[in-house]
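The values are calculated or read from the model by the stated rules, or taken from the named source; none is laboratory data. A quick note: this is a predicted structure, and the numbers were derived from the prediction, not measured. Here Cβ is always computed from backbone atoms with ideal geometry, including for glycine, and neighbour counts include all displayed protein chains. The protein model used for the area step is the full one, side chains on, heavy atoms only, and it has no ligands, DNA or RNA in it. Shrake-Rupley method; radii C 1.70, N 1.55, O 1.52, S 1.80 Å.
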Amino acid sequence: MEDLSGASDDQIGAVVRDVQAKAREALMRELALEPVIDGVEGTYTATEGLAKDGYRLVGNVPPSGKAPGGMLRHRGWKTKAGKIVAPAELEID
């Protein structure tokens, strides 16, 4: 709760490194995140068998809003319990 308005950017940066590390540790402990699609970004990924809320299509998406697959641009994040935090992204050319 300390007022940091008088601190220099270097001072704040040094503090943020420790805060970020502790926040990451707490998130990993409490949320146990894992990728929605456990694949290699930049490779073709089929949509068959994927939960509809687990991915979104980006790029040249057909008017139907559906595609058999696309280039994996972001693997997405979900909790181990299965709640989607950030959907995977599949790019359509």
| message | Quick check for you: with a 1.4 Å probe and neighbouring chains kept, what is the accessible area per residue of the chain, in Å²? | response | 75
| message | Let's test the formula: R0 of 25 Å, r as the Cβ-Cβ distance of residue 79 and residue 16. What FRET efficiency results, to the nearest 0.05? | response | 0.45
| request: Could you look at the chain and say what percent of its accessible area is carbon and sulfur, using a 1.4 Å probe and all protein chains? | output: 54
| remark: Measuring from the longest principal axis of the C-alpha atoms of the chain, the long axis of helix 9-31 (C-alpha) lies at a number of degrees, nearest 10, equal to 50
| query | Quick one: ranking 1, 28, 71 by accessible area, 1.4 Å probe, largest first, what do you get? | reply | 1, 28, 71
| query | Across the stretch 71-83, in residue order, what do the Karplus-derived ³J(HN,Hα) couplings come to in whole Hz, using 6.51 cos²θ - 1.76 cosθ + 1.60 with θ = phi - 60° and x for Gly and Pro? | reply | 6, 6, 9, 8, 6, x, 9, 9, 7, 4, 6, x, 6
| message | I need the GluC sites (Glu not before Pro) found in the stretch 4-50, filtered to DSSP loop residues with at most 16 other beta carbons within 10 Å of theirs. | response | 41, 48
| Which value, in debye to the nearest 20, gives the size of the charge dipole of the chain about its Cα centre, when Lys and Arg are +1 and Asp and Glu are -1 at the Cβ? | 480
